[in-house]
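The values are calculated or read from the model by the stated rules, or taken from the named source; none is laboratory data. Predicted model, so just to flag it, every value in this text is computed and none were measured. Ideal geometry is used to build each Cβ from the backbone, glycine not excepted, and the neighbour counts take in all protein chains shown. Surface areas here come from the heavy atoms of the whole protein model, side chains and all, with no ligands, DNA or RNA. Shrake-Rupley method; radii C 1.70, N 1.55, O 1.52, S 1.80 Å.
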Amino acid sequence: MNDGNDFFDVVQGHLDRAAEIVRVPEHVHTILRQPKIEIIVNFPVKMDDGHYRLFKGYRIQHSNILGPYKGGLRFHEVTSLDEVKALAALMTWKCSLMGLPFGGAKGGIKFNPREVSRGELERITRRFFHALGGNIGPDYDIPAPDVGTNEQVMAWAMDTYMNTVGTVHRQNAMGVVTGKPITSGGTPGRSKATGQGLVHCIREWAERNDFELQGKKLIVQGYGNVGSHTAVLLGELGVSLVGVGDHSGHLYNPEGFNEHRLQAFVREHGSISGYPNGVKITRDEFFATEADIFVPAALENQVGEKEATLLKVRLVAEGANGPTTPAGDQVLENRGIFVIPDILANAGGVTVSYYEWVQNRRSEKWHIDEVEDRLERAMRHTYQKATDFSDKQQCNMRTACYALALERLTQAYIERGIFP
Ligand code: NAD
């Protein structure tokens, strides 16, 4: 599935292709090919049995030319510097594409969050944020949830940061992370935002292609935040989830899963394993399931040449970051399977994170309707811009999205120059 690619090289390749379309001064292209700051911290945590374990954490700050660094925090056993660098760069493109006043960053800690207790998880989170110290901040670098992290982790992160900035600045520190629980300064609509944004993109695509969503079939890889919310929201439009996979295996149900019940099951048990209403299938059988839409919502490099050949769908909407390898992309294009690329498809999360950050700065609480209306307008508007660009330039949507993002970044560099 990996096709031998390093994730960071893949993301650089997307930038290089976009740079063939957009007129980019060489120095801007060179700057954007590397992150501005790479932070690695090794920090000790006292585990429940009394011994100290050393953890490795990363925070990569790719670009802040358009605003404070912004990007998620991942807890996963395969997290690496290369992975976090790639994810940080993707955030720069995503925020630029969406017209948000943010740059791009990403963080991660290399460990399996399922193998530690709740108390250990809290201490790991707090020790990491303490170790990051002044390298993050509401006007400087703003983390958010990603794979293996959630609202609770963000609440601990905010609390740790608040307690290090001094009493006078405490209340101004709420915007240091987004994706918080609502009572701790979060916004309504954030937890489902990435799935919701994905569904707006899918609806745009369906409307443009006279594709009736009602009665269609969906397969989803990854049933965490992004995968499960997407399935639930598409279920409300009459799309039935017939295949699902995660780190524990794959399930098939030709009658369609109850998306809500499966979501509740995964929240309680941590995976789809043991869910009673489905037949176990292999990974290859999952990819070869007869369906209409595939949403990868797990990790990067999941759809290589083999998986792209197996797929029997008309649309791939990338919930995950970097799920398709270049070879996989080529096969999908050759087979006429349309791809809504990650930096557009999953941008609903950072867009609503921006709304949360604005509310924190202004001490406001928006109604869910306001969040939802703004998100729908933002997603549809950007989708339309990307489609127009891809029609005009005769390029695919991925290249169109990268090119639009690059245009805005280039303009900022041209206007501002390089200091001093
Ligand atoms: P999550 O932790 O809630 O869920 C991750 C899912 O991936 C789980 O179902 C897990 O079982 C599955 N998974 C993990 N390893 C796997 C493997 N080796 N094979 C198959 N499945 C595996 O994470 P999430 O927040 O839903 O993020 C999923 C993807 O969406 C990631 O690529 C993330 O970067 C991207 N994303 C998330 C957000 C967000 O708001 N949470 C926003 C934009 C993009």
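Only residues that are under 21 Å from Lys180 (Cβ atoms) and more than 10 Å from the ligand (Cβ to nearest atom): list them for segment 89-107, please. Working first, answer last.
Applying the first criterion (under 21 Å from Lys180 (Cβ atoms)) to segment 89-107 yields 91, 94-95, 98, 100-107.
Residues satisfying the conditions are Cys95, Met98, Leu100, Pro101, Phe102, Gly103, Gly104, Ala105, Gly107.
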Tally time: how many residues in segment 393-412 are open to solvent by 30 Å² or more (accessible area, probe 1.4 Å) and part of a helix (DSSP H, G or I)? 4
Quickly run through segment 262-295 and pick out the residues that are free of Cβ contacts under 8 Å to residues at least 12 places away in the same chain and surrounded by fewer than 19 Cβ atoms within 10 Å (Cβ to Cβ). Ala264, Arg267, Glu268, His269, Gly274, Pro276
Every listed condition ((1) over 24 Å from the mean Cα position of the chain (by Cα); (2) within 15 Å of the ligand (Cβ to nearest atom)) holds for Gly270 save (1)
Against the definition (among the basic types (Lys, Arg), in contact with a helix residue (DSSP H, G or I) (Cβ under 7 Å, 6 or more places away or on another chain), surrounded by fewer than 18 Cβ atoms within 10 Å (Cβ to Cβ) and in a helix (DSSP H, G or I)), how does Arg114 come out, yes or no? no
Is segment 389-400 home to any residue that is in contact with a strand residue (DSSP E or B) (Cβ under 8 Å, 6 or more places away or on another chain), within 16 Å of the ligand (Cβ to nearest atom) and closer than 23 Å to Val239 by Cβ? no
Residues (among the hydrophobic types (A, V, I, L, M, F, W, C), under 15 Å from Pro35 (Cα atoms) and touching a residue at least 40 places away in the same chain (Cβ under 8 Å)) located in segment 48-94: Ile60, Ile65, Leu66, Leu81, Ala86, Leu87, Ala88, Ala89, Leu90, Met91, Trp93
Quick count over segment 204-227, residues being within 13 Å of the ligand (Cβ to nearest atom), open to solvent by 30 Å² or more (accessible area, probe 1.4 Å) and closer than 16 Å to Val313 by Cα, is 0
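In the set Trp366, Trp357, which member is part of a loop (DSSP other than H, G, I, E, B), touching a residue at least 60 places away in the same chain (Cβ under 8 Å) and of a type outside the set (Gly, Ala, Ser)?
Trp366
Return yes when Gly134 is assigned to a helix (DSSP H, G or I), open to solvent by less than 10 Å² (accessible area, probe 1.4 Å) and more than 17 Å from Ala88 (Cα to Cα) and no when it is not.
Details: assigned to a helix (DSSP H, G or I): yes; open to solvent by less than 10 Å² (accessible area, probe 1.4 Å): no; more than 17 Å from Ala88 (Cα to Cα): yes.
For Gly134, the condition - assigned to a helix (DSSP H, G or I), open to solvent by less than 10 Å² (accessible area, probe 1.4 Å) and more than 17 Å from Ala88 (Cα to Cα) - is not met.
How many residues are in contact with a helix residue (DSSP H, G or I) (Cβ under 8 Å, 6 or more places away or on another chain) and open to solvent by 20 Å² or more (accessible area, probe 1.4 Å) when one looks only at segment 234-255?
Residues of segment 234-255 that are in contact with a helix residue (DSSP H, G or I) (Cβ under 8 Å, 6 or more places away or on another chain), as a first pass: 234-235, 237, 241, 243-246, 250, 252.
With the extra rule that they be open to solvent by 20 Å² or more (accessible area, probe 1.4 Å), the set shrinks to 235, 237, 246, 250, 252.
Looking only at that region, the number is 5.
May I ask you to list the residues in segment 163-184 that are open to solvent by less than 10 Å² (accessible area, probe 1.4 Å) and either of a type in the set (D, E, K, R) or more than 16 Å from the ligand (Cβ to nearest atom) (or both)?
Correct list: Ala173, Gly175, Val176, Lys180.
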Within segment 334-367, residues open to solvent by 10 Å² or more (accessible area, probe 1.4 Å) and within 11 Å of Arg398 (Cα to Cα) come out as Phe338, Val339
The condition from (1) under 18 Å from Lys192 (Cβ atoms); (2) out of contact with any Leu (no Cβ under 6 Å at 6 or more places or on another chain); (3) open to solvent by less than 70 Å² (accessible area, probe 1.4 Å) that Thr387 misses is numbered (1)
Within segment 149-162, work out how many residues are surrounded by fewer than 21 Cβ atoms within 10 Å (Cβ to Cβ) and part of a loop (DSSP other than H, G, I, E, B). 1
